[in-house]
Amino acid sequence: MIKINRTKLVPKLLIFLTLGMLILSFSTAVQGATTIRPIDDYAGEYAFVYGVDNPGSFLSWTDPDSGLVIWPHAVEWLDIHFLFWEYELLADCPHGGSIKERVIDEDHTLITINLHVKEVPFLIFELVEDFWTFEPICKGIMKYNFQVKILFNTEFLDGWFDEHGRLPSIFEIDYLFPNPIYPPTPEELPVVTFIHITGVGYLTGEGEGIVKVNQVGMLNPTGDFVWPVEIVIVE
């Protein structure tokens, strides 16, 4: 039985103050219409590379305190690169939720994704450098809730959706778009302002245990994206 249960204490006041500052900054902008998109406008994690949409699950949830990494939607680890692993895509897992689109001003749109997913396979790794090149220590099945807020340049958002039929993935926003060989100009780059992930699951195969996840990330007043809460527990 695996038993790892080390978490960090997080000042709740910091979270509430930072959220309050973000909300206040948006409240001073010109308010526009709010519409609801279907949840499948967010198709999960994709990597649009060299003209091809590559579906997968390219983001993991880490906890430096417990020394664990959980990789959702990953079914089978291959000793080459995470782009080639076997995945159970979001579209193939029971899921629901909604997407709220709110016009901030004539140039910007705030997208809020509220996603709920069940029967999601996952792999757990030890948190070491290049951990994805080492064999996972266990696997299992989980459910999770995912909320994210993204500030878009409206013209870029509309053009991207017309071309791809989906919203950009978090992987694309955080890792591909900042690269100058990809489409957005600096003024068009989407900005992730808030992420909250909670999940619970169980181990399958060898070993027994319950897995719990709680991750909070936010854009702080200095413009840095920070993670005041990063918890991955196997007990």
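Some notes on this structure:
- Inspection of region 148-157 identifies no residue that is more than 16 Å from ILE111 (Cα to Cα) and surrounded by fewer than 19 Cβ atoms within 10 Å (Cβ to Cβ).
- Any hit, region 41-51, residues being modelled with pLDDT of 50 or more, under 18 Å from the mean Cα position of the chain (by Cα), of a type in the set (A, V, I, L, M) and surrounded by 18 or more Cβ atoms within 10 Å (Cβ to Cβ): yes
- Region 52-70, residues that are in a strand (DSSP E or B) and either aliphatic (A, V, I, L, M) or within 15 Å of the chain's Cα centre (by Cα) (or both): VAL52, PRO55, GLY56, TRP61, THR62, ASP63, LEU68, VAL69, ILE70
- Single residue of region 201-235 satisfying the filter (under 18 Å from SER66 (Cα atoms) and among the charged types (D, E, K, R)) that is surrounded by the most Cβ atoms within 10 Å (Cβ to Cβ): GLU230
- ILE195 among the β-branched types (Val, Ile, Thr) and in contact with an Asp or Glu (Cβ under 6 Å, 6 or more places away or on another chain): no
- The single residue among LEU78, LEU110, LEU59 that is among the aliphatic types (A, V, I, L, M), in contact with a helix residue (DSSP H, G or I) (Cβ under 8 Å, 6 or more places away or on another chain) and free of Cβ contacts under 8 Å to residues at least 40 places away in the same chain turns out to be LEU78.
- Qualifying residue in region 187-209 (condition: of a type outside the set (Lys, Arg), assigned to a loop (DSSP other than H, G, I, E, B) and without any contact (Cβ under 8 Å) to a residue 12 or more places away in the chain): no
- Only one entry in ILE113, ILE124, ILE150 is more than 30 Å from GLU187 (Cβ to Cβ), assigned to a strand (DSSP E or B) and either in contact with a Leu (Cβ under 7 Å, 6 or more places away or on another chain) or modelled with pLDDT of 90 or more (or both), namely ILE124.
- Considered as a group, the residues in region 153-186 that are among the aliphatic types (A, V, I, L, M) and assigned to a loop (DSSP other than H, G, I, E, B) include one that is farthest from PHE122 (Cα to Cα), and that residue is ILE181.
The values are calculated or read from the model by the stated rules, or taken from the named source; none is laboratory data. Quick caveat: nothing in here was measured; it's all calculated off a predicted structure. Positions of Cβ are backbone-derived with ideal geometry, glycine not excepted, and every protein chain shown enters the neighbour counts.
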